[in-house]
1. Quick one: LYS135 ticks every box in (1) assigned to a helix (DSSP H, G or I); (2) of a type in the set (Lys, Arg); (3) within 12 Å of the chain's Cα centre (by Cα) bar one, so which box is it?
2. Checking SER219 against (1) at pLDDT below 75; (2) open to solvent by less than 100 Å² (accessible area, probe 1.4 Å): exactly one of these is not met. Which one?
3. Exactly one of (1) surrounded by 12 or more Cβ atoms within 10 Å (Cβ to Cβ); (2) touching a residue at least 24 places away in the same chain (Cβ under 8 Å); (3) of a type in the set (Val, Ile, Thr) is unmet by THR62. Its number?
4. Return the residues of the range 161-186 that are of a type in the set (Phe, Trp, Tyr) and assigned to a strand (DSSP E or B); say none if nothing qualifies.
5. In this structure, is PHE147 open to solvent by less than 50 Å² (accessible area, probe 1.4 Å), at pLDDT 95 or above, touching an Asp or Glu at 6+ places or on another chain (Cβ under 8 Å) and of a type in the set (Phe, Trp, Tyr)?
6. Of all residues in the range 143-160, which are in a strand (DSSP E or B) and without any contact (Cβ under 8 Å) to a residue 60 or more places away in the chain?
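The values are calculated or read from the model by the stated rules, or taken from the named source; none is laboratory data. Note that the structure is a prediction, hence the values are computed from the model and not measured. Every residue, glycine as well, gets a Cβ built from its backbone with ideal geometry; the counts of neighbours run over all protein chains shown. Please note that ligands, DNA and RNA were not included when accessible areas were found on the heavy atoms of the full protein model with its side chains. Shrake-Rupley method; radii C 1.70, N 1.55, O 1.52, S 1.80 Å.
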Amino acid sequence: MSVCQPFIARQDTRLFSPPGVFLLLSGVLALPAALAEQEGENLSGLSDNPDKAIFAVRENGTTCLMVEFAAKFLVPYDVLALNGIDLITEQASFTLPRGAEIEGKCGSTDSEIHISWKNNAYILRIYFSKEFREKGIEVWKSNKIQFVYDTSETSHFINAYNPGKHTASTHKLSALVTPAGHSYVCTAQQTVTLISSDHQKGITFSMYDIQIQPFDIASDFIFSAPYKCITDQREHLEEILPLILGLILGLIIIITLTIYHFHLKLTANQPQLPRDRSMYKNM
């Protein structure tokens with residue numbers, strides 16, 4: 001005879017074992033990060049300058065990174081010479097289009113923005129980081145710029161030899177250094193050289209009319225207090241220096257005339273001595 005064993009419902013305790021609890025807590029802690037939705041927005045239509053683009057990255061409906069600038073690229077590439085043997089280096093020149101697509105990531109110490117156009121034939125990636133410097137001053141900077149381009153895209157690369165995608169990057173970059181909580185502002189052109197995977201060619205990336213803030217944006221779509229670049233500060237000083245010198249010169253002239261006027265008044269009040277010595281006898 002077989003003896004029927006009574007069925008006992010058992011609860012799976014594996015979920016509540018230490019590894020299970022760890023996995024459960026990890027999932028709960030990771031949930032807010034998964035819910036942090038980040039999206040890019042193209043706001044270039046708000047600019048009156050046809051060359052300037054405005055891009056923003058938003059997290060959960062709030063702006064966390066914003067850039068505004070005009071940019072241009074100089075990209076060397078090879079073409080086959082007429083003899084069919086030698087290679088000649090040509091140079092493609094083009095600007096950053098206002099209708100580009102935007103992606104990005106925001107973090108407390110690292111942020112980045114990806115700008116792409118022509119069906120990802122061109123992708124510009126700008127990376128930002130925060131750091132503490134001397135005397136505990138916190139700053140942010142651009143620590144890397146990367147540009148992906150496709151020489152098989154014929155609107156800029158004509159008859160390119162061995163066309164294909166290439167990646168150009170900076171090396172140990174420290175640019176746009178700005179105090180934390182401020183936006184970087186620079187009217188003057190800022191140029192960076194990127195080294196390409198295409199035989200180490202140098203790509204020139206230039207920005208101007210810049211305003212950038214990758215961290216600590218207090219109000220939606222509004223830059224924080226501006227921090228002017230050194231070039232703009234120097235140019236501003238050169239503009240006002242003639243005015244300052246003119247004011248100083250004018251002040252010197254006024255002081256000189258005032259002293260001369262008082263000297264004349266003092267001289268007029270003093271008794272006049274006769275110049276003819278013979279007149280001293282009658283005094």
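1. Here LYS135 clears every test but (3).
2. Unmet condition: (1).
3. (1)
4. TYR184
5. Against the criterion (open to solvent by less than 50 Å² (accessible area, probe 1.4 Å), at pLDDT 95 or above, touching an Asp or Glu at 6+ places or on another chain (Cβ under 8 Å) and of a type in the set (Phe, Trp, Tyr)), PHE147 does not qualify.
6. Selection gives ASN143, LYS144, GLN146, VAL148, ASP150.
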